[in-house]
Amino acid sequence: MAESRVSAAVRRLVADRAAHRCEYCLALETFSPGGYCIEHVMPVAAGGGSEPANLAFACAGCNAFKSDKTTAVDPVTGRSFRLFHPRRDRWARHFAWSADTLRIDGITGIGRCSAAALKLNRPALVNLRRLLFREGLHPPGP
């Protein structure tokens, strides 16, 4: 991702629009030990630009696992689907919290392949959610 192509003003716009949460795993930036990225939903290598409509706020983990992917295989059906697009898709249409709110469950092909490809339930995220739940800070509101 070529973050240098994104101005400070656009970075603020993208972060504010996302309420300073990763637009994939919904983790709050304030609890992250690493910086958040301005991620190109459609990668530059695939013709995506740096306009705000193609940018998402992403934690370092989701950004790294997404990389330049635009599709992935649904682990349930074996079919290929496009990845979740934060500008076009509603998160709640493709994902739901598990009963204990610690895991993100994909509820559509797009959700399942995105959860798997971006590893939305990696151990560090599940541990963070557990701690935030105890403090009344998880799950995030609408």
If you go through Gly61, Gly34, Gly49, the only one that is touching a residue at least 24 places away in the same chain (Cβ under 8 Å) and in a loop (DSSP other than H, G, I, E, B) is Gly34
Among (1) under 25 Å from Ser50 (Cα atoms); (2) part of a strand (DSSP E or B); (3) of a type in the set (Asp, Glu), Asp68 falls short only on (2)
In the range 97-111, residues that are surrounded by fewer than 17 Cβ atoms within 10 Å (Cβ to Cβ), among the small types (Gly, Ala, Ser) and either in contact with a strand residue (DSSP E or B) (Cβ under 6 Å, 6 or more places away or on another chain) or in contact (Cβ under 8 Å) with a residue 40 or more places away in the chain (or both) total 1
| When you look at Ser114, is it touching a residue at least 40 places away in the same chain (Cβ under 8 Å), of a type in the set (Ser, Thr, Tyr) and surrounded by 13 or more Cβ atoms within 10 Å (Cβ to Cβ), yes or no? | yes
So, first residue in contact (Cβ under 8 Å) with a residue 40 or more places away in the chain in the range 123-138, second residue in a helix (DSSP H, G or I) and surrounded by 11 or more Cβ atoms within 10 Å (Cβ to Cβ), Cβ within less than 8 Å, six or more apart or across chains; the pairs are Ala124/Gly61; Leu125/Gly61; Leu128/Phe31; Leu132/Phe31
Every listed condition ((1) exposed (fewer than 13 other Cβ atoms within 10 Å of the Cβ); (2) of a type in the set (Val, Ile, Thr); (3) at pLDDT below 95) holds for Val44 save (1)
Among the residues of the range 79-87, are any closer than 20 Å to Leu120 by Cα, loosely packed, with under 12 Cβ neighbours inside 10 Å and among the aliphatic types (A, V, I, L, M)? no
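The values are calculated or read from the model by the stated rules, or taken from the named source; none is laboratory data. As the structure is a computational prediction, the values presented were derived from the model and not from experiment. Here the Cβ is made from the backbone with ideal geometry for all residues, glycine too, and neighbour counts use every protein chain on show.
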